[in-house]
C-alpha cells in the first residue's frame, strides 16, 4: 500500500513567503523604497526565508542565493503599491541572508546524519500541532471584538474649519470646496469625485444628503470658522444611522510646516474630544475618527497619509469611514488606510495586515490534520483530501468569523494554503514511502 510519509518543504516555504509579503491587504498610490533600518524587520525577514534555504540545500549556494534575491526583489518592487508594506533594499539583503542561513544549517544537519531538512514527516506530532493551530486561530477569530461603530459620537460637538474651538490648532490655507456626506463611499465612487467643484457632482452629493460649503473659505490661523449647528446635528444623526461618512474637500495649504495636527476641519469640542477631524502634520494628512475602539480623541489607531501636501498647490481630499476601515484619497489615489475594526480584535495582526498569511496557514494546517488523521493514503487520495480540507476550511471561516473579516478573497486564501500542502505531497517522489 502507498502511504504518505512526509511533505516536501519547498512548496510550503514558498507559500509562506508569498502570503506574508506578496499578497496585498489593499492597494495604494505608489510610495518609493524605504531607506530606513529596523532591527525587528531585519530579523523577521531573515527568519521568513530560512525555510526556503532548508528546502533548497541540495542546490549550489550561488544558485539558491540568486533565486532568493530575485524573488525578494520582485516582491519588494510590488510592495510600492501595497498598504502596510514598504519596499526596501535592506529587506532583499535580509532575505538573502535568511536563505544562506537555511542552507548552512541544512548541510550541517545532513553531515551530522540527523535529518534531511527539506522534508517534514507526517506523524502524530505534526498532526497534533495542526490541531492545536486550527483551534487557536478559530478561537482568536471568534472572540467578540469591540464594536467600531459611531455610537459614542457626541451630538453637542461643533463642525469647525481651520481651528479648534479652543483656538490652539490653527491651520492656514484655503478650502475651495467642501462636502460632508453622511455615508461611506466605495473606491469607484471616489474616483468620480476628482472634479468636486463641478456643479453636477455637487448636485448629486446634495441629493444623497450631503452638506456643501456655499463658498470658498480662506483661513489665516485665527479663530475657527463655524458651520451651522443645524447642519452639525443633521450630519450627526445621519452619519450615526449609516455608521459611516465621507468628507470631500479641495484644499490648498499655505505651507507644509503646520503641525498639531493643524485642523482643516474638525467635528469636536476641543483638542482632545472629537467625533472626527482632518488635519495637517507637515506634508501629511491625519484623519481621526472617534469609535469605541479609538477613544474620545480618535487617535489609537488613526489614519495618516504619506507626504502629499505642497504649499500653494490645490489637492482634492476624500476621507471616508465605512464602519470598519478609514481611508484617505488624494487626487483619486488611496494614500492612507487604517482598519479600526481590526484594532478591536484580540490579536489585531490576525484580523487585518497579516490576515492573508494567517488564512493560508489555517488552510495548510487543516490539510495537514486531514492527511495525518486519515493516513495511510495513496498520493492521489492525499492530494484530494488536502484540497477538500481547504474547501471545508473556507466555508468554516465564513460561518464562524466576524463580518468585517469577510472578503471575497479570504476563502480563496484558505483554499490556497491547503493547495500548498497538496503541492508539498506531490512535489517530490522521495516524499512517498512504500509500505507493503
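The values are calculated or read from the model by the stated rules, or taken from the named source; none is laboratory data. Computed from a prediction, not measured in an experiment: that's the story for all the values here. When we count neighbours, we look across all protein chains shown, and the Cβ atoms used for this are built from the backbone with ideal geometry, even at glycine.
Some points to look at:
- For residue 400, the criteria (1) at pLDDT 85 or above; (2) assigned by TED's automatic domain parsing to the domain that holds residue 140; (3) surrounded by fewer than 17 Cβ atoms within 10 Å (Cβ to Cβ) hold in every case but one, which is (1).
- Scoring residue 346 on the criteria (1) within 21 Å of residue 283 (Cα to Cα); (2) surrounded by fewer than 24 Cβ atoms within 10 Å (Cβ to Cβ) leaves a single failure, condition (1).
- Counting only strands (runs of 3 or more DSSP E) that fall entirely inside region 95-181 and contain at least 3 residues that are under 30 Å from residue 260 (Cβ atoms), the qualifying elements are 158-161, 172-181.
- Residues of region 45-63 that are part of a helix (DSSP H, G or I) and without any contact (Cβ under 8 Å) to a residue 24 or more places away in the chain: 62, 63.
- Subset of region 260-290 that is part of a loop (DSSP other than H, G, I, E, B) and at pLDDT below 95 - its residue that is surrounded by the most Cβ atoms within 10 Å (Cβ to Cβ): 271
- Test: residue in region 383-393 that is under 30 Å from residue 244 (Cβ atoms) and buried (at least 24 other Cβ atoms within 10 Å of the Cβ): no
- One residue from 185, 191 being under 23 Å from residue 323 (Cα atoms), surrounded by 19 or more Cβ atoms within 10 Å (Cβ to Cβ), under 31 Å from the mean Cα position of the chain (by Cα) and in contact (Cβ under 8 Å) with a residue 40 or more places away in the chain: 185
- Subset of region 202-225 [within 31 Å of the chain's Cα centre (by Cα) and assigned to a helix (DSSP H, G or I)]: 205
- Top-ranked residue of region 108-155 - restricted to ones that are touching a strand residue (DSSP E or B) at 6+ places or on another chain (Cβ under 8 Å) and closer than 21 Å to residue 393 by Cα, ranked as modelled with the lowest pLDDT: 122
- All of 210, 224 fail the test of being surrounded by 14 or more Cβ atoms within 10 Å (Cβ to Cβ) and closer than 26 Å to residue 334 by Cα, apart from 210.
- Taking region 196-233 as the range and being out of contact with any strand residue (DSSP E or B) (no Cβ under 8 Å at 6 or more places or on another chain) and closer than 29 Å to residue 28 by Cα as the test, the residues that pass are 198, 199, 200, 201, 203, 204.
- Of the numbered criteria (1) part of a loop (DSSP other than H, G, I, E, B); (2) surrounded by fewer than 19 Cβ atoms within 10 Å (Cβ to Cβ), the one residue 237 fails is (1).
- Exactly one residue among 377, 366 is in contact (Cβ under 8 Å) with a residue 40 or more places away in the chain and outside any helix (DSSP H, G or I), and that residue is 377.
- Failed criterion for residue 388 (all others in (1) farther than 30 Å from residue 340 by Cβ; (2) outside any helix (DSSP H, G or I) hold): (2)
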